[in-house]
Amino acid sequence: MAYGDIRQYIASLARTGELLEIDAEVDPIEELGAICRKVLDEDGPAILFNNVQGYDYPVIANMLATPGRIAQALEVPVEELTEEYTKRTSGADLQRQPLVDSGPVKRSLLPVMSSTCASWCHRFSLIRKMAVLT
């Protein structure tokens, strides 16, 4: 049975011992990324940060960092992962879609990005407005 939402997948990770929950307050700038890298380098589990400084919601990381966790997300044995992924994505139009200035997904537009970010995006021919799905 497919997962109904990400909460079900996170619960599945917890049941199989593939989830580390961290309840201590974590600085998102100085600590979060370093913890993720350290755990990933040691082939550790996915991480659920329950108390990220300055945020009102938890952060999950490394949840698809290994073939085993990707297989778990797709609910297939690891040995069948490549075949299942290929089957699910064949026929999908994976080519880059044209960028448009308007459309149903762009109901709310944020103002132009900061000059640093905007200049970086411009160099890579990215759009200068971000759509917010509401």
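The values are calculated or read from the model by the stated rules, or taken from the named source; none is laboratory data. Model, not experiment: these values are computed from the prediction. Neighbour counts are summed over all protein chains in view; Cβ atoms, including those assigned to glycine, are modelled from backbone coordinates with ideal geometry.
With respect to Gln95, is the statement that it is exposed (fewer than 15 other Cβ atoms within 10 Å of the Cβ) and either of a type outside the set (Val, Ile, Thr) or modelled with pLDDT of 95 or more (or both) true? Here the answer is yes, as Gln95 does meet what is asked. Considering only residues that are crowded, with 16+ Cβ neighbours inside 10 Å and assigned to a helix (DSSP H, G or I), which ones fall in the range 8-39? Matches in the range 8-39: Tyr9, Ile10, Ser12, Leu13, Leu32, Ile35, Cys36, Val39. Can Leu48 be described as more than 18 Å from Gln8 (Cβ to Cβ), free of Cβ contacts under 8 Å to residues at least 60 places away in the same chain and not charged (D, E, K, R)? No.
For the range 53-88, the set of residues classified as farther than 23 Å from Glu25 by Cβ and not in a helix (DSSP H, G or I) consists of Leu64, Ala65, Thr66, Glu75, Val76, Pro77, listed by residue number.
Does the range 75-84 contain at least one residue that is within 15 Å of the chain's Cα centre (by Cα) and either touching a residue at least 40 places away in the same chain (Cβ under 8 Å) or surrounded by 11 or more Cβ atoms within 10 Å (Cβ to Cβ) (or both)? No, there is no match, as no residue in the range 75-84 is within 15 Å of the chain's Cα centre (by Cα) and either touching a residue at least 40 places away in the same chain (Cβ under 8 Å) or surrounded by 11 or more Cβ atoms within 10 Å (Cβ to Cβ) (or both).
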